[in-house]
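Taking it in order: structure first as structure tokens, then the write-up.
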Amino acid sequence: MAYFQWKPTLSTHIKALDEEHREMLDLAGRLQVEIDRGKSAREVSELFPELIAREKQHFAREEQLMIQQRFPGYAEHKRAHDDLAARLADLYDRLRDDEPIGSMALLTFMQDWLVKHIQSHDKELGDYLISRAEQGVRA
Ligand SMILES: [Fe+2]
Ligand SMILES: [Fe+2]
């Protein structure tokens, strides 16, 4: 079962953000394939540097947008990013140490990290940006 497929209900209506979300979901999908193939924790961890690099770039892009557009939920959204980044880094450390992490625990984390965050925080940001654009407010 594919847990990480992009679908229109995940759209933030901001093209650049949607594209990056889709790329990160693809990576999470590759992670799931590795897990399903019974790869070791250390082997699974090899996907993490790319995942972490994309995450950093993506969070920075969203945070810059929020500041530029004076998004009122910035502090809370930034806190969510910081928390997710810390959890991803911690997971990477544990996998690198070859600590067996249950595949369900890993997939649940990826769901929280990507899907739930997009559905809540990112969609809220998208709605805000769209409403500002409709009001003709420019950065
Ligand atoms: Fe995002
Ligand atoms: Fe976000």
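The values are calculated or read from the model by the stated rules, or taken from the named source; none is laboratory data. In this text the structure is predicted, and so the values were computed from the model without any measurement. Positions of Cβ are backbone-derived with ideal geometry, glycine not excepted, and every protein chain shown enters the neighbour counts.
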Residue within segment 69-77 that is over 12 Å from the mean Cα position of the chain (by Cα), in a helix (DSSP H, G or I), more than 15 Å from ligand 2 (Cβ to nearest atom) and surrounded by 19 or more Cβ atoms within 10 Å (Cβ to Cβ) present: no
Pair list, Cβ under 6 Å, 6 or more apart: segment 46-60 residue more than 15 Å from Arg30 (Cβ to Cβ), other residue in a helix (DSSP H, G or I) and within 16 Å of ligand 2 (Cβ to nearest atom): His58/Glu20; Phe59/His81
Long-range neighbours under 9 Å by Cβ, at least six apart or interchain, first residue over 19 Å from Val33 (Cβ atoms) within segment 92-104, second in a loop (DSSP other than H, G, I, E, B) and of a type in the set (D, E, K, R): Asp93/Glu99
Selection from segment 78-113 of residues that are small (Gly, Ala, Ser), more than 16 Å from ligand 2 (Cβ to nearest atom) and at pLDDT 90 or above: Ala89
Members of segment 67-83 that are within 21 Å of Leu129 (Cα to Cα) and more than 11 Å from ligand 1 (Cβ to nearest atom): Ile67, Gln68, Gln69, Arg70, Phe71, Pro72, Gly73, Tyr74, Ala75, Glu76, Lys78, Arg79
Per-region count, segment 1-46, residues assigned to a helix (DSSP H, G or I) and in contact with a helix residue (DSSP H, G or I) (Cβ under 9 Å, 6 or more places away or on another chain): 23
Residue count, segment 97-139 (criterion: farther than 22 Å from Leu25 by Cβ, among the hydrophobic types (A, V, I, L, M, F, W, C) and assigned to a helix (DSSP H, G or I)): 1
Some residue of segment 58-67 being within 16 Å of ligand 2 (Cβ to nearest atom), of a type in the set (Asp, Glu) and crowded, with 19+ Cβ neighbours inside 10 Å: yes
Restricting segment 114-139 to residues that are more than 14 Å from ligand 1 (Cβ to nearest atom) and closer than 20 Å to Lys78 by Cβ, the residue that is modelled with the lowest pLDDT: Ala139
Checking Phe109 against (1) within 12 Å of the chain's Cα centre (by Cα); (2) crowded, with 18+ Cβ neighbours inside 10 Å; (3) among the hydrophobic types (A, V, I, L, M, F, W, C); (4) more than 14 Å from ligand 1 (Cβ to nearest atom), the condition it does not meet: (2)
Members of segment 47-68 found to be closer than 19 Å to Ala16 by Cα and over 14 Å from the mean Cα position of the chain (by Cα), listed by number: Gln64, Leu65, Met66, Ile67, Gln68
